[in-house]
Amino acid sequence: MSDTAKSAHWSSRWVFLLATIGFSVGLGNVWKFPYVAGENGGGAFILVYLLAAFIIGMPLVMAEILIGRRGGGSPITSLSRLAHNLGQSRLWPVLGWLVMLTAFVLMSYYAVIAGWTLDYVFQAWSGRFAGMDGMASARAFEAMLASPWRLVGTQTLFLLLTLGIVAAGLDAGIERAVTTLIPLLFLLLLCLVVYALLVGDASAGLRFLFQPDFSRLSGASVLAAVGQAFFSIGVGMAAMMMYGAYLERRQPIPSSAAVVVLADTLVAVLAGIAIFPLVFQFGLDAAEGPGLVFVTLPVAFGQMPGGALIGGVFFMMLAIAALTSAIAICEPALAYAREKGVGRRAAAGLYGLMLWLAGLATVFSFNIWSHWRPASAIERLADASVFDILDFLSSNLMLPVGGLLIAIYAAWALPVRESSAELGLDQGRLPYRAWRFIVRWLSPLALLAILAAGLL
């Protein structure tokens, strides 16, 4: 199989679905979703999240995949080709550069955070969680962050795993990885769900997750649910566009997007079921925030029967979710390098080095530069570390803007005949008209609200 974006294709629709699910199912589902749900009251938040994922998120996934398949290359090449063939503005390829730059910035710190999961696998299986209380767990987490060598070590290991897979190509690398890792991810998650329901306080956990309390639902929590749905699915990171370029014409986009969004939301909900019964059983705080996974859960693992094994399995699952997402985030850059005549292995080495160097800024944010506030003159970022600034730029600015421009291009700039043909939907019938209305109006409005909330 040729390894250029123009001629390479997924070996089957099943593999495409596994790869795309692997991209969507990342740290946002297993790490971020449970604590955001906990902070926003559980059931009512989850209901809004599910509605947003299918009503707003799925049409955007369809839009990004159709742009990639219609263009048939990396995001930059796809948009350049489409703009040239359709006589459109030469500025549209800037969108390709934007989503690829977003992917780079995000990946630079994502690799560091993903490295934490590897560190915690080793900690769990070495029995360090045994007998931990909240203070001991917090100290252990702080000790890890305070050591640049530990963070660099796990960051390096994670990048080597990621770029090693991507360097092997579409069939020998990405396909082989996702067909192994995604079934393993679901198997581990289901085992953890069963264990949590048997050992934890199942009734309290399920009641928290599925019994909506609309009195706790504010405008801010609704916006948080919409934002979580958007970020979890992964629009605006270049990967959906790239994976769409590898999708053969005979494969349907709408049903594929539905399966991806369903799997993405299912993993997020299952992660909640695996976590909250344990949280309530051991008297922990469901609204702990970002520390829920890395500070609170180790306390539970240290107290429960077989906690060392279960804790290791949990963090291994988290690492697998991070890895399958990272593979997809890195692939567009390597595909673009191949289009420019650079060998895939050489491109992987260079891109990995760039990510490693950029990631040092995040590593040092937690220790050597922990007191440095480079944007102190800006009120919104006065207390932000370098990592906080990178996260703010990618999550609050670059991702919403990228998603907004994807929606505008797919539903406003791309002719109806092009989008309807690529989606395989009759332009005069309700499914296509509903998709176009959502991507033209509802999705941009939601993204503008997310953008405004993030910047204000």
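Quick look at the values:
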item: Flag for residue 442 being open to solvent by 30 Å² or more (accessible area, probe 1.4 Å) and of a type outside the set (S, T, N, Q); result: yes
item: Checking residue 359 against (1) under 30 Å from residue 443 (Cα atoms); (2) crowded, with 21+ Cβ neighbours inside 10 Å, the condition it does not meet; result: (1)
item: Matching residues in segment 129-159 - criterion: being over 21 Å from residue 314 (Cβ atoms) and either at pLDDT below 95 or in contact with a Phe, Trp or Tyr (Cβ under 8 Å, 6 or more places away or on another chain) (or both); result: 135, 146, 148, 156, 159
item: Unmet criterion (only one of (1) open to solvent by less than 40 Å² (accessible area, probe 1.4 Å); (2) without any contact (Cβ under 8 Å) to a residue 40 or more places away in the chain) for residue 194; result: (1)
item: Residues of segment 422-456 satisfying the condition of being of a type in the set (A, V, I, L, M, F, W, C) and farther than 15 Å from residue 61 by Cα; result: 425, 430, 441, 445, 448, 449, 450, 451, 452, 453, 455, 456
item: Options 77, 117, 154: the member that is among the hydroxyl-bearing types (Ser, Thr, Tyr), farther than 30 Å from residue 443 by Cα, open to solvent by 10 Å² or more (accessible area, probe 1.4 Å) and in a helix (DSSP H, G or I); result: 154
item: Segment 80-114, subset closer than 17 Å to residue 405 by Cα and among the hydroxyl-bearing types (Ser, Thr, Tyr), residue surrounded by the fewest Cβ atoms within 10 Å (Cβ to Cβ); result: 89
item: Subset of segment 160-177 (residues that are part of a helix (DSSP H, G or I) and open to solvent by less than 50 Å² (accessible area, probe 1.4 Å)); result: 162, 163, 164, 165, 166, 167, 170, 172, 173, 174, 175, 177
item: Residue selected from segment 363-376 under the condition out of contact with any Ser or Thr (no Cβ under 6 Å at 6 or more places or on another chain) and open to solvent by less than 20 Å² (accessible area, probe 1.4 Å), by the criterion modelled with the lowest pLDDT; result: 375
item: Qualifying residue in segment 218-226 (condition: open to solvent by 10 Å² or more (accessible area, probe 1.4 Å), modelled with pLDDT under 95, not in a helix (DSSP H, G or I) and not β-branched (Val, Ile, Thr)); result: yes
item: Criterion: out of contact with any His (no Cβ under 8 Å at 6 or more places or on another chain), part of a helix (DSSP H, G or I) and within 25 Å of residue 79 (Cβ to Cβ) - qualifying residue of 308, 335; result: 335
item: Flag if residue 325 is among the hydroxyl-bearing types (Ser, Thr, Tyr), more than 25 Å from residue 235 (Cα to Cα) and buried (at least 23 other Cβ atoms within 10 Å of the Cβ); result: no
item: Of the criteria (1) touching a helix residue (DSSP H, G or I) at 6+ places or on another chain (Cβ under 8 Å); (2) in a helix (DSSP H, G or I), which one residue 180 fails; result: (1)
item: Residue match in segment 120-127 (condition: closer than 24 Å to residue 323 by Cα, outside any helix (DSSP H, G or I) and open to solvent by 30 Å² or more (accessible area, probe 1.4 Å)); result: yes
item: Subset tally (residues that are surrounded by 23 or more Cβ atoms within 10 Å (Cβ to Cβ) and out of contact with any helix residue (DSSP H, G or I) (no Cβ under 6 Å at 6 or more places or on another chain)) for segment 270-284; result: 1
item: Test for residue 266: is it open to solvent by 20 Å² or more (accessible area, probe 1.4 Å) and under 22 Å from residue 231 (Cα atoms); result: yes
item: Residue check for residue 112: in a helix (DSSP H, G or I), of a type in the set (A, V, I, L, M), touching a Ser or Thr at 6+ places or on another chain (Cβ under 7 Å) and in contact (Cβ under 8 Å) with a residue 40 or more places away in the chain; result: yes
item: Residues of segment 338-353 satisfying the condition of being small (Gly, Ala, Ser) and either in a helix (DSSP H, G or I) or in contact with a Leu (Cβ under 8 Å, 6 or more places away or on another chain) (or both); result: 346, 347, 348, 349, 352
item: Per-region count, segment 285-301, residues assigned to a helix (DSSP H, G or I) and either open to solvent by less than 20 Å² (accessible area, probe 1.4 Å) or free of Cβ contacts under 8 Å to residues at least 12 places away in the same chain (or both); result: 10
item: Residue check, residue 367 assigned to a helix (DSSP H, G or I) and farther than 30 Å from residue 167 by Cβ; result: no
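For every residue, the table says whether it meets (1) more than 30 Å from residue 424 (Cβ to Cβ); (2) of a type in the set (S, T, N, Q); (3) touching a residue at least 60 places away in the same chain (Cβ under 8 Å).
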{"site": "74", "(1), (2), (3)": "no, yes, yes"}
{"site": "83", "(1), (2), (3)": "no, no, no"}
{"site": "86", "(1), (2), (3)": "no, no, yes"}
{"site": "97", "(1), (2), (3)": "no, no, no"}
{"site": "100", "(1), (2), (3)": "no, no, yes"}
{"site": "107", "(1), (2), (3)": "yes, no, yes"}
{"site": "117", "(1), (2), (3)": "yes, yes, yes"}
{"site": "123", "(1), (2), (3)": "yes, yes, yes"}
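The values are calculated or read from the model by the stated rules, or taken from the named source; none is laboratory data. Quantities reported herein were computed from a predicted structural model and do not represent experimental measurements. Cβ sites come from the backbone with ideal geometry, for glycine too, and all protein chains shown count toward neighbours. We work out accessible area using only protein heavy atoms, side chains counted, and drop any ligands, DNA or RNA first. Shrake-Rupley method; radii C 1.70, N 1.55, O 1.52, S 1.80 Å.
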